Amino acid sequence: MSSAPAPVATAVPQAPGTLRAGLAHPIALVRWLWAAYMTPGRPGRPAEQTELRWIYTAWLAAFLLKMLGSSWDVSWHFKWLRDDLAPPHLLNTVGTAVVVALVLFHSYTGYGVDRRALRWMQVGTATFLIAIPVDLVNHRINGLDITSWSPSHALLYLGTAIMLAGALRGWWLYAAPGRTRDLVSLGLWLFFVENVLFANQHQEYGVLSLEAYEAGRTTAEPSLLDFAASQGQSPAMFMLPVPSWVHPAWLVCAGLLALLVARRVVGLRWTATLVAVGYLGYRGLMWLGLVALDFPPSVLPVVLIAGAVLVDVAVDRRVPGWLAGPVVTAAVYAVAYPLAQLGLLPPWNWWSVLPVAVTSAALWAAVDALATSAWLARWRAADEPAATTVPA
């Protein structure tokens with residue numbers, strides 16, 4: 001009896017020498033990626049540093065598309081009636097499609113993630129995808145719903161934050177220490193902070209849009225104003241729909257908290273400041289581009305820089321959170337006061353400084369406690385089924 005013929009190994013195409021060479025020949029690049037990497041595996045599967053950089057560069061590109069689309073979307077909603085197929089929504093959808101493809105890649109191959117990072121990516125993406133039809137139904141029921149502070153929008157932010165947390169964990173676990181690791185981490189944290197602070201843009205656009213309307217030079221199209229009026233909403237109701245304590249409370253208790261965690265995780269001396277400068281630089285470029293395209297402008301929360309610098313200084317000087325929280329909060333409010341008088345911030349409720357300071361102290365102290373906990377020590381260890389798999 002003759003033996004069965006041995007299986008013929010499929011030849012893997014030659015890898016492109018550089019990222020530029022690969023992008024110059026996209027078909028060959030896709031063929032190589034598919035043949036070399038689309039094979040089943042478990043989380044923790046070994047990958048070369050070059051491949052990791054390619055994978056997480058794709059993550060950066062995906063979130064850049066999502067961020068560009070969402071930033072354009074805010075300004076769009078202050079000019080036009082909502083449209084499911086509006087260009088900003090389509091741009092955001094392209095970024096989301098790339099995220100879904102990346103999560104499927106990680107899930108199938110096991111490259112570049114441990115089990116916890118993969119679960120965060122999967123749960124975050126699922127949450128975001130569930131939130132999309134929820135948001136569509138919400139708009140069908142409630143009509144205009146221009147506010148960024150709706151429950152369906154919060155679900156979108158939550159999904160994005162969770163998937164970003166997974167990407168941050170995967171990259172930090174498997175990237176080799178060095179400049180590239182730090183730069184990609186800073187980029188991912190910039191996207192995280194932008195997502196956290198995104199809802200505050202409603203007030204940052206709304207304050208200028210309302211001023212323009214009251215001055216008789218509205219930036220909103222008549223169809224938008226007429227539709228709002230037909231729902232019984234005044235311009236103030238949909239341009240500044242939340243109380244004046246929301247913007248400062250969210251900037252301090254959510255925005256600065258995210259910068260604090262970024263500083264703790266990345267460890268570079270000026271992490272929080274670099275991320276805040278990057279965020280405001282991006283917002284400034286978007287401001288120029290959108291205004292050039294005749295979309296409504298916004299004020300920029302430049303007060304964030306003061307808080308970020310103080311976060312870095314407090315961590316560097318090892319100031320305990322119960323003290324750093326109130327001091328940083330008071331300083332941010334002090335810097336914000338003249339900016340608000342100049343019309344460079346949305347309306348702030350100045351008495352909110354007291355509850356915000358107390359909340360900030362509690363959150364900062366919680367981060368301090370977490371930093372020395374046994375739970376965090378266990379969390380830092382990679383959960384790698386691939387490392388314990390016994391070869392057949």
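If residue 364 satisfies every condition in (1) in contact with a helix residue (DSSP H, G or I) (Cβ under 7 Å, 6 or more places away or on another chain); (2) of a type in the set (Phe, Trp, Tyr); (3) under 24 Å from residue 199 (Cβ atoms); (4) surrounded by fewer than 21 Cβ atoms within 10 Å (Cβ to Cβ) but one, which is the exception? Among (1) in contact with a helix residue (DSSP H, G or I) (Cβ under 7 Å, 6 or more places away or on another chain); (2) of a type in the set (Phe, Trp, Tyr); (3) under 24 Å from residue 199 (Cβ atoms); (4) surrounded by fewer than 21 Cβ atoms within 10 Å (Cβ to Cβ), the lone unmet condition for residue 364 is (4).
Yes or no: residue 370 at pLDDT below 95, surrounded by 13 or more Cβ atoms within 10 Å (Cβ to Cβ) and assigned to a loop (DSSP other than H, G, I, E, B)? Here the answer is no, as residue 370 does not meet what is asked. One residue stands out in region 228-273 among those that are among the basic types (Lys, Arg) and in a helix (DSSP H, G or I): the one that is nearest to residue 79 (Cα to Cα), namely 263.
Do we find that residue 225 is crowded, with 21+ Cβ neighbours inside 10 Å and outside the structural domain of residue 179 (by TED's automatic domain parsing) in this structure? Considered against the rule, which asks whether it is crowded, with 21+ Cβ neighbours inside 10 Å and outside the structural domain of residue 179 (by TED's automatic domain parsing), residue 225 comes out as no.
Among the residues of region 250-297, which ones are farther than 25 Å from residue 325 by Cα and touching a Leu at 6+ places or on another chain (Cβ under 6 Å)? Correct list: 283, 297.
Scanning region 108-120 for residues that are more than 17 Å from residue 164 (Cβ to Cβ) and assigned to a helix (DSSP H, G or I) turns up 108, 109, 115.
So which of 309, 252 is surrounded by fewer than 20 Cβ atoms within 10 Å (Cβ to Cβ) and at negative phi? Of the residues listed, the single one that is surrounded by fewer than 20 Cβ atoms within 10 Å (Cβ to Cβ) and at negative phi is 309.
Entry remark, region 279-305: residues being within 19 Å of residue 346 (Cα to Cα), in contact (Cβ under 8 Å) with a residue 40 or more places away in the chain and more than 17 Å from the chain's Cα centre (by Cα) number 8 in total.
All conditions in (1) in contact with a Phe, Trp or Tyr (Cβ under 8 Å, 6 or more places away or on another chain); (2) modelled with pLDDT of 95 or more hold for residue 192, with the sole exception of (1).
Within the group 276, 308, 324, which residue is outside the structural domain of residue 158 (by TED's automatic domain parsing), more than 21 Å from the chain's Cα centre (by Cα) and assigned to a helix (DSSP H, G or I)? 324 is the lone residue from the list that is outside the structural domain of residue 158 (by TED's automatic domain parsing), more than 21 Å from the chain's Cα centre (by Cα) and assigned to a helix (DSSP H, G or I).
The values are calculated or read from the model by the stated rules, or taken from the named source; none is laboratory data. Computed from a predicted structure; not experimentally measured. Neighbour counts run over all protein chains shown; Cβ positions are idealised from the backbone, glycine included.
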